[in-house]
Structure formats: C-alpha cells, structure tokens
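Peer 1: First the structure, then my questions, so here it is.
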C-alpha cells in the first residue's frame, strides 16, 4: 500500500488529492475541465473536499493540465489587476456592474461555448509546454450564424481570455488585397484580427488573406492590388477571427483555413430572459420576472434585439422617473416602438397582411413592391428570416404563403 502524501502537515491518499487541495488553497473558485466530457466542475463537490475527478462522468484531470489551466487563469487575473492599477492611475475606474462579460457569463449556445472553452484550454496547455514561443498564436476561428446572436461579443471574450489585443475590421472595408496587407502589417505577435461580415470580402482579398493565414507570408501588392515581383513579407504569428451570417459565401479555400468553425443559433425566450436579467443586474437595474419574460418573448431569439429592447425600457423608465423595469413598462416601451406580442414591427405586420389578403402564394418581387418599394434582398434577408423562424410564413417554389400560425397571429393583432 502506497504511503500517504503529506501536504501542509495533512495526509492525502494520492498526489492528485494533494494537488487538488494545493490548487484550492491558491484559487478556491478555480473550475477544472474534465478531459472526458469537457465540462467544467467546481473543485469542491458533495464530498466537501477538493477533487480533480469530474462528478458527472468520473473523468480525471491530469496534473499537467490542471496546473497549466490554473497558471493561465492566475496570469490573466494578474494582467487584469495590472490593467486596473494603470486605469486607476489615470483617474478612471470601470464600475463593477459594467465589467465586460466572460465565457462563464454566456447564456445559450452551449455547444458553441463548449467548443470555444475546449479550444482555449488546449491552447493554454500548449503554451505551458517547453520550447513553445511566448507569442504562439491561437488557431484561426470562424463564427457563423444569424445576425445579432453574439459573434462579436464572443470574439471579444476570446481576446480577453487570451490576454491579446484585438483589431476590429469590417469585411466591406477591406476591398482590395492592398488594404488587407495594410491591416495585416499593423498586427503584433500573437494579436487578433477580427473581421465582421467577412463574407463581404472580394475574392482577391480572400485569397490574399488565406495565404497569410496558412503560410504566414504577405505577397507585396500595388495600390491597384497587383502583385509585386519582390520577396514575400514574413508576418508575425496572428489569429484571424471571422464573423459571418453566410459562411457559404466564403471561398472554400478561405473557409478551410479556419481550424475552428463555430455555429451560433438563436436563443430560446427563456435563455434570452436569463441573459437580459444578467445584463440588467450588471448595469445596476432591478427587474421583475414578468418583465424579463416579456423581453425574452419579443426579441425574436436574438440577443442584440433583446439588449436593444432592454435599453429602450431603461430609457422609458428614466423618462417616467422609475428606477426599476416592470412588465407594464416593457409593454409601454413596445407600444412606443410599435412592436407586437412577438416583437414584430409595422413592416413585418404589413408583410403578413398582404399575404393574408392575397389568399395564395406570392412571389418575392411582388412582396417587395407592396412593401414601400423595398429591395428584394432587403425583404429576403432582413424581414423574412424572422417570420420563417417564427413559423408564420412558409416559402416554396411558388412563392410565400401565410401559415396557420401566421394567420392566427395576424388575427390576434388586428382583431379580425
């Protein structure tokens, strides 16, 4: 029988138990990641003693992974303390309730969060290995999904988790390979380039980008985007994070250069309510459960819309001289904004009304003409996705038609 391990004068059955106690003494709130089910769990479970064994599946964190993960966390916290001290010297202090969210604060999209967390933990472990460069870049990452589902927020969270500077760009702004090169040359070792709406890049710009992603080199170009005959420029290691609502619009050769491709979905009303309650508390506002439920139901599954509605409710509350957000105040805000019980605006209701009056399938160009002359693309990409997601409209080869749910909702709104 093996001799017990002594730590701070107390015996432990194994070295792993002693390590768990040691980690707990350094950081009681540390949450190890199970190597089997990839879930995070508290150090202290039902036994009342620190343990590196996952209570869900029995998987056991290794000493190396636990120490590397803890060291990375302590290093991030030390950086935050340092940044806070610098900010304090500049006579600027961020209120506690306005602190930016972390990965543990993300509500919904559990599979996507798990994928990101696993990638971050793997990178931290890799950084802890001997002979690994200090500025080893995190692998390239692509976020895709409907607009407003949190792609930019998650990118900023990844940057904070890594302790790296992030440079923000819009895809439409990088219209030529020369502009792509100009941005890439501003990156420091290990820094992050975030390109929103990356599908807006022209093919030539995408080609310049994926060469830099894969080979770490930049082909010199002229102002017109033509290649020079000079030697390629070696770039420092960097991370590209792309965000897109349509990953299929990217060149396959660019899409394949992303090691991690994370798909985000719309949230359920319950998840939105929880996320908005979290945000309101962080901003110092009191809310009741019914108010949060109403916001969650009227945000069309989209965090950005939920945040916008919460901001509108706060404006209404301040205008009314109130210090909390109630259900009646949410209803008042929706009435001011022209939103119905599902969160649809006037244009969306006009769309449903026209389908109801037509009686049968209606083609897209006819709909666009009737909706104040909106473009077909605007109707197809901005109005229809919410109506189809709610199950109010069905699309097929003959055109668009109102579903039973769509007709019932229109009757509840119009009264006939």
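Peer 1: Tell me, what is the percent relative contact order of the range 317-406, built from C-alpha pairs under 8 Å that lie six or more residues apart?
Peer 2: Over the range 317-406, the number comes to 22 percent.
Peer 1: Quick one: what do you get for the range 253-338 if you divide its Cα Rg by 2.2 N^0.38 Å?
Peer 2: Cα Rg divided by the expected 2.2 N^0.38 Å: 1.31.
Peer 1: Label-point separation (nm) for residue 111 and residue 175, each offset 7 Å from Cα along Cα-to-Cβ?
Peer 2: For the pair residue 111/residue 175, the computed spacing is 3.9 nm.
Peer 1: So, one more: May I ask you to work out the translational diffusion coefficient for the range 301-416 at 37 °C, viscosity 0.692 mPa s, via Stokes-Einstein with Rh from the Kirkwood sum over Cα pairs, reported in whole µm²/s?
Peer 2: For these conditions, the coefficient is 213 µm²/s.
Peer 1: May I ask you to give the average projected area over all directions of the convex hull of the Cα atoms of the range 346-414, in nm² rounded to one decimal?
Peer 2: 4.1
Peer 1: For the range 255-290 and the range 346-390, compute the distance between their C-alpha centroids and round to whole Å.
Peer 2: Going from one Cα centre to the other spans 28 Å.
Peer 1: What spacing in nm lies between the two simple spin-label points modelled at residue 408 and residue 166, each 7 Å away from Cα in the Cβ direction?
Peer 2: 4.1
Peer 1: Work out the P(r) tail for the range 103-263: percent of alpha carbon pairs separated by more than 20 Å, whole number.
Peer 2: 49
Peer 1: So if each residue of separation counts as 0.36 nm, and I subtract the Cα-Cα distance between residue 394 and residue 182, what length gain in nm does that give?
Peer 2: Length difference between fully extended and current span is 71.8 nm.
Peer 1: Please compute the contact order of the range 269-337 in relative form: average sequence separation of alpha-carbon pairs under 8 Å and at least six residues apart, divided by the residue count, as a percent.
Peer 2: About 36 percent, as a whole number.
All of the numbers you see were taken from the coordinates with simple rules; none came from a lab. Quantities reported herein were computed from a predicted structural model and do not represent experimental measurements. Here Cβ is always computed from backbone atoms with ideal geometry, including for glycine, and neighbour counts include all displayed protein chains.
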